[in-house]
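The values are calculated or read from the model by the stated rules, or taken from the named source; none is laboratory data. Quick caveat, the model's predicted, so the values are computed rather than measured. Note: ideal-geometry Cβ built from the backbone for every residue, glycine included; neighbour counts use all protein chains shown. For accessibility, only protein heavy atoms count, side chains too; no ligands or nucleic acids. Shrake-Rupley method; radii C 1.70, N 1.55, O 1.52, S 1.80 Å.
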Amino acid sequence: MGRSSTKAKLIPCFGLRDTRIEAIGWAIKADLEADVPSDPLYIDLLANALAVRMVELVFDRMSPPERSSTPRLSARQLRILIEFIETNLDKKLHLADLASVAGVGTTRLKTLFRNSTGTPVHRYVIGRRIEYARAMLSTTKMPASQIALAAGFTHQSHMASTMRRVLGHVPSEITRP
């Protein structure tokens, strides 16, 4: 990767959350649990992707953050956009509406949001909906169907399938009060 291996130090970091590592882990888990395993080349590629991402994280921590010339949303735009998303999770969120809130075009918003958060807009919104639904499931006695609607899912089975895909478990597996 064009970096000096003599400077690398692997230091345990608990509580690290990296969306790319999570995605690779979910892909590996899905393959292990599949009735028919994938081609061995697929698992090799996933293992390589995991190793590359871990090396990237090691070197990212070593070097001081530098000002990137990558275009990003301003701190104010990002704060306003995230507040808008949080307050409107129960509604259909369209890219054009989000772009309007941020004061940019739709295509530009996709690029700026990803550069600012490291996550595409759609994945961010789905993640927030899942977290909101999971919090509601674990803290209230509200029926799952109402929680699904309050979190912005079209129906309970949509929430369940999305949670299974992203979290690896369904709403019924979450401990209720």
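Would it be correct to say that residue 166 is modelled with pLDDT of 95 or more, out of contact with any strand residue (DSSP E or B) (no Cβ under 6 Å at 6 or more places or on another chain) and assigned to a helix (DSSP H, G or I)? No. Tell me, yes or no, whether the stretch 50-63 has at least one residue that is in contact (Cβ under 8 Å) with a residue 24 or more places away in the chain and aromatic (Phe, Trp, Tyr). Yes, the stretch 50-63 contains a residue that is in contact (Cβ under 8 Å) with a residue 24 or more places away in the chain and aromatic (Phe, Trp, Tyr).
Suppose we keep only residues that are open to solvent by 80 Å² or more (accessible area, probe 1.4 Å) and in a helix (DSSP H, G or I) within the stretch 128-156. Which one would you say is farthest from residue 22 (Cα to Cα)? Going through the qualifying residues, I end up with 146.
When you check residue 98 against the structure, is it in a helix (DSSP H, G or I), within 20 Å of the chain's Cα centre (by Cα), over 29 Å from residue 156 (Cα atoms) and aliphatic (A, V, I, L, M), yes or no? Here the answer is no, as residue 98 does not meet what is asked. The residues of the stretch 82-94 that are surrounded by 15 or more Cβ atoms within 10 Å (Cβ to Cβ) and part of a helix (DSSP H, G or I), listed by number, are 82, 84, 85. Criterion applied to 72, 79 was being basic (Lys, Arg), closer than 18 Å to residue 124 by Cα and part of a helix (DSSP H, G or I), and the one residue passing it is 79. Number of residues in the stretch 157-177 that are within 20 Å of the chain's Cα centre (by Cα) and either surrounded by fewer than 13 Cβ atoms within 10 Å (Cβ to Cβ) or not β-branched (Val, Ile, Thr) (or both) equals 11. Exactly one residue among 121, 125, 104 is buried (at least 17 other Cβ atoms within 10 Å of the Cβ) and over 11 Å from the mean Cα position of the chain (by Cα), and that residue is 104.
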